[in-house]
Amino acid sequence: MLTLAITFYDVVLTVHILAVVVAFGVVFAYPVLDAQWRRGSPSDLAGLHRLHVVLARRVITPAMTVVLLAGLYLALDRWSLGDPWISATFAILFVLFGLTGGVLVPADVRLAELAERDGGASAEYQRERRKADMFGGLALLLVVVAIFLMVAKPGV
Ligand code: HEM
């Protein structure tokens, strides 16, 4: 007979991975979403940046908090926070919190103001946009590294 032993650890691991999907899935869709919005509604770029801000505040940051809390449970239950693959990902997640709250959200707030003022035509808008794109790309790269570390668990 097939027995299915589901542990609380399995449930928390599922929550952890689901939260990763919710937090970062939308960010991987930004290049398509943004390009489509810029083509379809070029006169409402402020709306695009406000959407980024709402997603960052109401979806990405809360989901990253769940990633952290579930990850802490998993690490303390069966692993150790001193394991290099865990401590490195822990550091990456804090950088992602910093990038989101300290760089990307303020940049989108500023971009929304600039787009409202001049429709996104100013040099300042383009400068701020390049900065947001660069840090957004860095955040995505860090997520890829974090997933690799979690899956490969180098050092185990
Ligand atoms: C950007 C941040 C993170 C991402 C993208 C991420 C992603 C993942 C993924 C995809 C898995 C499943 C791996 C597998 O089953 O092979 C996993 C497992 C795990 N994660 Fe994370 N995680 C992140 C942050 C953290 C943090 C901050 C901690 C601890 C403080 C943590 C602790 C763990 C542990 C202990 C496992 C369980 C591994 C196992 O039982 O096989 N994670 N994570």
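The values are calculated or read from the model by the stated rules, or taken from the named source; none is laboratory data. It should be emphasised that the depicted structure is a prediction, and the values quoted were computed from it without experimental measurement. FYI the Cβ positions are ideal-geometry reconstructions off the backbone, even for glycines, and counts take in every protein chain you see. All accessible areas refer to the heavy atoms of the entire protein, side chains included, with ligands and DNA or RNA removed. Shrake-Rupley method; radii C 1.70, N 1.55, O 1.52, S 1.80 Å.
Kindly report the accessible area of the chain per residue (heavy atoms of protein chains, probe 1.4 Å, no ligands, DNA or RNA), in Å².
On the way: 9140 Å² over 156 residues.
Ligands and nucleic acids excluded, the figure is 59 Å² per residue.
When Met1, Met150 are compared by accessible surface with a 1.4 Å probe, the order from highest to lowest is Met1, Met150.
Taking all protein chains together and rolling a 1.4 Å probe, Val59 ends up with roughly 50 Å² accessible.
How high is the relative contact order of region 1-83, in percent, with contacts defined as C-alpha pairs under 8 Å that are six or more residues apart?
Working: 40 pairs, mean separation 42.9, N = 83.
The value is 52 percent.
Full extension of the chain between Thr65 and Met134 gives 22.5 nm of extra length, using 0.36 nm per residue less the Cα-Cα distance. When you restrict to C-alpha pairs under 8 Å that are six or more residues apart and normalise by the size of region 1-146, the relative contact order lands at 31 percent. In the chain, the longest principal axis of the Cα atoms and the axis of helix 84-98 are about 30 degrees apart.
The angle separating the long axis of helix 105-118 from the principal Cα axis of greatest extent in the chain is about 20 degrees. The share of accessible area on the chain that comes from carbon and sulfur is 70 percent, using a 1.4 angstrom probe.
Extension gain, Arg117-Val11: 0.36 nm per intervening residue step, less the Cα-Cα distance, totals 33.3 nm. Taking all protein chains as they are arranged and a probe of 1.4 Å, the heavy atoms of Asp133 leave approximately 90 Å² accessible to solvent.
Rounded to the nearest 10 degrees, the angle from helix 45-55 to the longest Cα principal axis of the chain is 20 degrees. Ranking Ile92, Ala146, Ala115 by how far each Cα lies toward the positive end of the dipole of the chain (charges on Cβ) leaves Ala115 at the top.
Please report the spacing between the Cα centers of region 1-37 and region 109-156 in Å, no decimals. That distance is 21 Å. Rounded to the nearest 10 square angstrom, Ser43 shows an accessible area of 120 square angstrom against a 1.4 Å probe.
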